[in-house]
Amino acid sequence: MALPLVWLADVLRAADLRVVETDGWKTRTASGPQPRPLGVLNHHTATPASYARAAPTVQMCIDGRPDLDGPLCHAVIGYDGTVHLIAAGRANHAGKARASGPNPAGDGNTLYVGFEWDYHGVNQSPSPEQYDAAVRATRAVLAKLGRPADAARGHRETSVTGKIDPGRVDLDQFRRDVAAANPQEDSDLTPEQAAQLSRIENELLGPRGDRGQIQGWGTATGPRTVVAMLVDLHNALLAPQLSRYPDPNSKIKLSAVDAIRDNNGVIYQLPAMISAAGQADPAKVAAALRPMLAEVVGPVVAESVRAALGDDNENQADAIVTELAQRLAGREAAA
């Protein structure tokens, strides 16, 4: 007789998710009553993960721990967004559950489909790909069950023993994302492009807090998002309208900061240069950046080299600067 969740693979693939079916998942079950799920319960594994080591806890979720028999969930969602199916039957992931949202209290292993997100949870947030996959997987399963987005819960919302997972996730926002229309219905973004966009947003806003709140990157002046730091840089460095470089024959020394300030026009051209080069090709982006680096960094290098060598070695300083500028611009150095 088929176990109750054998439909998971088809439902998740229909949601455009990458699915790995582990050997034996369709017949794998823990002892006890089989699932009659009314919701989806999300957890974290408390294991550090990375894009290179995206799902380190799959085998443990199959085998179990010394204190708890496997399987420990129905699927593991890897750091790269891949969903690894673990069990189609009962899984020991929830324990006794208190009432939460529209879901009643009772045996959590019967009431919920359990997804383990493979990331640390305390010292690490889920990756954008992982979060997106969890949203899609939860939405797909709830649609199959005919249940509302509020039936998606976090373990910390149902636990009677003080669980904290999934850490660094705003569960109210998660449910709003689950309830939202499929992003592909409202835009031309593929799932991979949507995940890349989420990753960029994550890098701009910094690591999330323990409840998923924006908190920025730690700096000497306190938590700051990249956007805020760029505004600070613009106001302090680029905004002043300075004059052109002094005459080359002038004895007035140009500081490195002034040189960078005076090149703000080139810096403002950078987005267009990258766009013209083709954002998807790192080599083309690098080629587009080299001339800009030569123009912006060149005056700073020139000042530094001349200051180091002194006026008596002006010719040597000029030769060094010329060679460096050519290399920055991507041309071979002069013979």
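The values are calculated or read from the model by the stated rules, or taken from the named source; none is laboratory data. Because the structure is predicted, anything quoted here is derived from the model rather than measured. All Cβ positions, glycine included, derive from the backbone under ideal geometry; neighbour counts span all protein chains shown.
Values for this structure:
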{"quantity": "Condition met for His74 (closer than 19 Å to Gly162 by Cβ and either touching a Ser or Thr at 6+ places or on another chain (Cβ under 6 Å) or not basic (Lys, Arg) (or both))", "calculated": "no"}
{"quantity": "Answer from Arg36, Arg65 - the residue that is in the same structural domain as Pro166 (by TED's automatic domain parsing), closer than 19 Å to His155 by Cα and without any contact (Cβ under 8 Å) to a residue 24 or more places away in the chain", "calculated": "Arg65"}
{"quantity": "Filter result (assigned to a helix (DSSP H, G or I) and either farther than 18 Å from Asp107 by Cβ or among the aromatic types (Phe, Trp, Tyr) (or both)) within segment 141-155", "calculated": "Val141, Leu142, Ala143, Lys144, Ala149, Asp150"}
{"quantity": "Per-region count, segment 13-43, residues over 23 Å from Asp69 (Cα atoms) and in contact with a Leu (Cβ under 7 Å, 6 or more places away or on another chain)", "calculated": "2"}
{"quantity": "Complete set of residues in segment 156-168 that are of a type in the set (Ser, Thr, Tyr) and either part of a loop (DSSP other than H, G, I, E, B) or in contact with a Cys (Cβ under 8 Å, 6 or more places away or on another chain) (or both)", "calculated": "Thr161"}
{"quantity": "Flag if Arg136 is crowded, with 22+ Cβ neighbours inside 10 Å and either at positive phi or in a strand (DSSP E or B) (or both)", "calculated": "no"}
{"quantity": "Test result for Arg98, basic (Lys, Arg), surrounded by fewer than 22 Cβ atoms within 10 Å (Cβ to Cβ) and in contact with a strand residue (DSSP E or B) (Cβ under 7 Å, 6 or more places away or on another chain)", "calculated": "no"}
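Rundown of residues vs (1) in contact with a Pro (Cβ under 6 Å, 6 or more places away or on another chain); (2) of a type in the set (Asp, Glu); (3) closer than 22 Å to Ser31 by Cα; (4) surrounded by fewer than 24 Cβ atoms within 10 Å (Cβ to Cβ), yes/no style:
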site	(1), (2), (3), (4)
Ala88	no, no, yes, no
Ala105	no, no, yes, yes
Gly108	no, no, yes, no
Phe115	no, no, yes, no
Ser125	yes, no, no, yes
Lys144	no, no, no, yes
Asp170	no, yes, no, yes
Asp177	no, yes, no, yes
